Amino acid sequence: MKKIKNYFRYPLGRTGKLHGKKAAALFLLFLSFVCVLFTDLALKQKKESYQTLWENCRKGFFRSGIRCLAEELMPVYDFLDDGSADSGLFAEISEAVMPSQKYLAGKSLGYREKKTALIWKKKDTKEETASVLDFDEMVYEENKQKQEGIAEEQEEESISTEEEEPEAVAEGDGESMEYIAGESYYEDNMSSVLSENEAADQLLKNEALITQLKEEKNAKFLLSNFYIVDGSTKADKKIFNVEKLLKKDMTLKKTKKKEKPQILIYHTHASENFSDSRKGKTEDTVVGLGSLLTEILENTYGYQVYHDTTRYDIVNGSLDRNKAYNQAADGIEKALKKYPSINVIIDLHRDSGNKRITTINGKKTAQMMLFNGISRNKNGDIQYLYNPNLQGNLAFSLQMKLAAMSLYPDFAKPIYIKGYRYNLHYKEKSLLIELGTDKNTVEEARNAMEPLAKVLDQVLSGEG
């Protein structure tokens, strides 16, 4: 008993030096406390028990220790992450871990390539899955998914779609790369150019849809006819208040002061190019499109534009999509600090997949697809990716879509809805635009800048 009392009285020993056994005991006690604390936080996030954790990890460890860690304990990182950038800590870790899992999983699961999708096959069964260690439903924004149409309404207050196989991502070494894949959110049928009669009929259909939307103000009708909802997210009807989205003021007062730009155009994935892009020619990438759009908005419509040509997806000369949105976030913040007059932010991309083509003024023109990240997955809101400007973002893209439908028969594809924020939270008037795909030509993409500028002016001037 005396020794025990002396231990607590002199934890460092009478000489002031920590004894080896005591040090080890204290260290193990502290480590156990930290492990229990973090595990408890993770379980609270997942609303599961220690027994469930043990069973899942016991089974999962023999398949892949990393998978077990990512699936069962990673929610604590979600909880602690401050969400300063769009992909978030969890998304980045998930994306970074997945390549390293390929070797581990290959040892224990076995895998093979099938077309462009990575298919995993358990050795002891014939079961196949294309989820590629899906980490629940938190997939990084660069993971490719295919989907067609809108699924049946799954709950009274939500609409979502089914996920299909993710498309493989093309890798490369940055400067020497001739082709870099962009997002491929769903695989639609190849667009066909409408005849004059078909175009006229389509315009009438567009107007009928818009009229019905304005009259009924029905969220289900809105989501079914103007949006595609990704299978990894849930579109809660409560955030799609049709009347509010239609009436929200998205106008912008023009200024003649060049030192006070109103519109920021940038490119998170500046390396994206087109089917006939020339190697090393910036003008043949989405950056070239941004330059042309800037010129039209300034010279034709009188807006002041700041075009940021930074290649946020290139790090040390190599393609690094994991950090692109984080780096772009830093760039946006610097631009807003330098030019507080900026009220409109446009992230101009190029999609991948089948060619999207229409005809405008006799020219073959790439179609555009507006994109909204709603900081929400199937389980509900992603708290660490809070977006105070979500309603403004949704209103801006919807009004752009309606203006495009009124002006052109099939220039605008349905608006695509997915989780995360994609740096859209900095301003209400923020857009992420997918202009054509890798199958479109540079000329087709450039031809889209004039109608895009006109649609944008329609909304910003209040004429749409």
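Tabulated values for the structure
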{"quantity": "Subset of region 342-363 [acidic (Asp, Glu) and either farther than 22 Å from residue 254 by Cα or in a loop (DSSP other than H, G, I, E, B) (or both)]", "calculated": "351"}
{"quantity": "Test for residue 463: is it surrounded by fewer than 24 Cβ atoms within 10 Å (Cβ to Cβ), assigned to a helix (DSSP H, G or I) and over 18 Å from the mean Cα position of the chain (by Cα)", "calculated": "no"}
{"quantity": "Those residues of region 238-257 which are outside any loop (DSSP other than H, G, I, E, B) and out of contact with any Lys or Arg (no Cβ under 7 Å at 6 or more places or on another chain), in sequence order", "calculated": "238, 239, 244, 245, 247"}
{"quantity": "Residue match in region 366-383 (condition: without any contact (Cβ under 8 Å) to a residue 60 or more places away in the chain, surrounded by fewer than 21 Cβ atoms within 10 Å (Cβ to Cβ) and part of a loop (DSSP other than H, G, I, E, B))", "calculated": "no"}
{"quantity": "Residue list for region 326-341, restricted to those being part of a helix (DSSP H, G or I) and in contact with a Ser or Thr (Cβ under 9 Å, 6 or more places away or on another chain)", "calculated": "326, 327, 328, 329, 331"}
{"quantity": "Residue within region 251-260 that is among the aliphatic types (A, V, I, L, M) and either farther than 30 Å from residue 298 by Cβ or at pLDDT below 95 (or both) present", "calculated": "no"}
{"quantity": "Some residue of region 368-389 being of a type in the set (A, V, I, L, M) and more than 18 Å from the chain's Cα centre (by Cα)", "calculated": "no"}
{"quantity": "Qualifying residue in region 210-231 (condition: under 28 Å from residue 358 (Cβ atoms), over 23 Å from the mean Cα position of the chain (by Cα) and among the β-branched types (Val, Ile, Thr))", "calculated": "yes"}
{"quantity": "Yes/no for residue 222 being of a type in the set (A, V, I, L, M, F, W, C), part of a loop (DSSP other than H, G, I, E, B) and either more than 20 Å from residue 345 (Cα to Cα) or touching a Lys or Arg at 6+ places or on another chain (Cβ under 8 Å) (or both)", "calculated": "no"}
{"quantity": "Unmet requirement for residue 412, which otherwise passes all of (1) more than 16 Å from the chain's Cα centre (by Cα); (2) in contact (Cβ under 8 Å) with a residue 60 or more places away in the chain", "calculated": "(2)"}
{"quantity": "Tally, over region 284-315, of residues that are part of a helix (DSSP H, G or I) and either in contact (Cβ under 8 Å) with a residue 60 or more places away in the chain or on the phi > 0 side of the Ramachandran plot (or both)", "calculated": "8"}
{"quantity": "Options 290, 302: the member that is within 24 Å of residue 250 (Cα to Cα), small (Gly, Ala, Ser) and buried (at least 22 other Cβ atoms within 10 Å of the Cβ)", "calculated": "290"}
{"quantity": "Candidates 255, 251, filtered to the one that is of a type in the set (S, T, N, Q), touching a helix residue (DSSP H, G or I) at 6+ places or on another chain (Cβ under 8 Å) and either in contact (Cβ under 8 Å) with a residue 24 or more places away in the chain or not assigned by TED's automatic domain parsing to the domain that holds residue 374 (or both)", "calculated": "251"}
{"quantity": "Region 311-351 - residue that is hydroxyl-bearing (Ser, Thr, Tyr) and surrounded by 23 or more Cβ atoms within 10 Å (Cβ to Cβ) and, of those, farthest from residue 446 (Cα to Cα)", "calculated": "325"}
{"quantity": "Some residue of region 316-325 being in a loop (DSSP other than H, G, I, E, B), closer than 24 Å to residue 425 by Cα, in contact with a Gly (Cβ under 9 Å, 6 or more places away or on another chain) and at pLDDT below 90", "calculated": "yes"}
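Let's see how each residue does on (1) assigned to a loop (DSSP other than H, G, I, E, B); (2) surrounded by fewer than 24 Cβ atoms within 10 Å (Cβ to Cβ); (3) in contact with a Gly (Cβ under 7 Å, 6 or more places away or on another chain); (4) not assigned by TED's automatic domain parsing to the domain that holds residue 301:
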{"site": "431", "(1), (2), (3), (4)": "no, yes, no, no"}
{"site": "434", "(1), (2), (3), (4)": "no, no, no, no"}
{"site": "440", "(1), (2), (3), (4)": "yes, no, no, no"}
{"site": "443", "(1), (2), (3), (4)": "no, yes, no, no"}
{"site": "451", "(1), (2), (3), (4)": "no, yes, no, no"}
{"site": "454", "(1), (2), (3), (4)": "no, yes, no, no"}
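The values are calculated or read from the model by the stated rules, or taken from the named source; none is laboratory data. Bear in mind that the values here come from a model prediction, so they are computed numbers and not experimental data. Note: ideal-geometry Cβ built from the backbone for every residue, glycine included; neighbour counts use all protein chains shown.
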